[in-house]
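**Q** What follows is a single structure, and I will ask about it in a moment.
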Amino acid sequence: MVRDGDRQELTRRGDVLATRRREYDEDDVRVRPGKSSRPRTRTRPRHENAVDGFVIAVDRGRYTCVLPDAGPDAPTVTAMRARELGRKSVVVGDRVGLVGDTSGAPGALARIVRIAERTSVLRRTAEDDATTAEGRLERVVVANADQLVIVSALADPPPRTGFIDRCLVAAYDAGIEPLLCLTKADLAGPEAVLDYYTELELPYVLIRPDSPLDALRALLAGRVSVLVGHSGVGKSTLVNRLVPEADRAVGTVSAIGRGRHTSTSAVALRLPDAAEGWIIDTPGVRSFGLAHVSAESLLHGFPDLVEATVDCPANCPHTADEVDCALDAWVAAGKADPRRLASYRRLLASRSGEVDPREPNRRGPGEE
Ligand SMILES: Nc1nc2c(ncn2[C@@H]2O[C@H](COP(=O)(O)OP(=O)(O)OP(=O)(O)O)[C@@H](O)[C@H]2O)c(=O)[nH]1
Ligand SMILES: [Mg+2]
């Protein structure tokens, strides 16, 4: 029998505790459960009745959910978070347990009592450098997305491969499949962008205002896809074409080639007909900070470079000043585009808060 006093003494001496415990019979050691592990008898029965919900919008503490088991025509349910969720955030794409009034009647309010384990989490940080406060400010964009649709206009605003590269890193890091969606193909050709990604097996679609969307629809069917891109690239325009009743506000692009951040929050929309998929429109972002991605994982966004690193010395930082880094020879041999290596190294430098000496203004060509 371990008395309370003894237990404290043992806890202070963690290692000793581990050794000593083995000397007792399991039955002899009766440690009272801590407060946090005590079963919550008051709330548990209601949790068992919780119905499944899928969060499609978040607005000032109110969560709009659909009930997947209630069919596509069932009304949406407005919910708030139950206090017992603590600080856990609920985001668009979350699969949740709902209790309370889940009728969806006007004024009805349900409560979110649990969040299902997420299959993927798309994150971004305000800045790249994890040592700064901004770099530590991590935002979960959406949960449970299967596909990241990187939307880039071919003109107005012009494409920025540095931004696309960042999105690719975020996608691979989160285990979400990327799809490149090049809009405004009526204004400019895709050759330059596609040439940059030749070595990657990156699926892409071209969008013009009058082009049929069959290819895109086929790639979206049955999946949860999230659109990301700069403001003004045409995300909401695309969503309105895919989901005619979506009625997403569409903005204009200013003279300096920037959108006006027309969309202000993420919204998931059900794809019509037999597609059985969801498309999530998100507000335009200026950049996609990657402070949360380790230096090693950063490389996953560059599958065209990964293979070369088997010839690198152990713990090679892959930076430009590392003379034995095998990436330089790989690019010199024509196995990858030198611009991709430069982009990777810019990200490496940006993460550690360093400015790449060859990039006086720190940002890559064409990046905001
Ligand atoms: N020429 C051309 N214009 C387009 C195309 N797609 C969208 N636009 C225009 O681009 C502008 C911006 O479109 P939005 O759909 O609001 O862009 P967004 O990406 O949702 O922007 P934010 O909500 O600010 O992030 C609108 O004036 C659209 O009409 C296209 O394929 N071709
Ligand atoms: Mg929009």
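The values are calculated or read from the model by the stated rules, or taken from the named source; none is laboratory data. Worth saying up front: this structure is predicted, and the values here are computed from it rather than measured. With ideal geometry, Cβ positions are generated from the backbone for all residues, glycine too; neighbour counts draw on all protein chains shown. Remember, those area values only see protein heavy atoms, side chains included, never the ligands or the DNA or RNA. Shrake-Rupley method; radii C 1.70, N 1.55, O 1.52, S 1.80 Å.
**Q** Roughly speaking, what is the stretch gain from ALA192 to ASP210, that is 0.36 nm per residue apart minus the C-alpha to C-alpha distance, in nm to one decimal? Display every interim value, and only then the final one.
**A** Working: separation 18, 0.36 × 18 = 6.48 nm, distance 2.23 nm.
Roughly 4.2 nm would be gained on extension.
**Q** Follow-up. Given R₀ = 35 Å, what would the calculated FRET efficiency be for CYS312 paired with ARG286, taking r from the Cβ atoms and rounding to 0.05? Display every interim value, and only then the final one.
**A** Numbers: r = 33 Å, r/R0 = 0.95.
Given R0 = 35 Å and the Cβ-Cβ separation, E is 0.60.
**Q** Could you work out how far apart the two model spin labels at THR264 and THR131 are, taking each label as a point 7 Å from the Cα in the direction of the beta carbon, and quote it in nm?
**A** Going from the THR264 label point to the THR131 one covers 3.7 nm.
**Q** Taking amide H positions as placed in the peptide plane 1.01 Å from N, state which residues far from VAL205 in sequence (5 or more) or on other chains have amide H under 5 Å from it.
**A** Under 5 Å from the amide H of VAL205 lie the amide H atoms of LEU180, CYS181, LEU182, each far enough along the sequence or on another chain.
**Q** A follow-up question, please. Just by accessible area at a 1.4 angstrom probe, what is the order of HIS230, HIS261 from largest to smallest?
**A** My answer, sorted largest first, is HIS261, HIS230.
**Q** Moving to a separate point now. Accessible area of segment 52-137 with a 1.4 Å probe: how many percent of it is carbon plus sulfur?
**A** Details: 2240 of 4630 Å².
Answer for segment 52-137 is 49 percent, counting heavy atoms of protein chains only.
**Q** Tell me the accessible surface of ASP173 in square angstrom (1.4 angstrom probe, heavy atoms of protein chains only), to the nearest ten.
**A** So the heavy atoms of ASP173 present about 60 Å² to solvent.
**Q** Check THR125: other-chain or 5+ apart residues with amide H under 5 Å from its amide H, H built from backbone geometry?
**A** ARG139, GLY289, LEU290, ALA291, HIS292
**Q** So how exposed is ASP281, as accessible area in Å² (1.4 Å probe, rounded to 10)?
**A** About 0 Å², rounded to the nearest 10.
**Q** Fully extended, how many nm does the chain gain between GLU84 and THR252 (0.36 nm per residue separation, minus their Cα-Cα distance)?
**A** On the way: separation 168, 0.36 × 168 = 60.48 nm, distance 4.27 nm.
Gain on extension, GLU84 to THR252, equals 56.2 nm.
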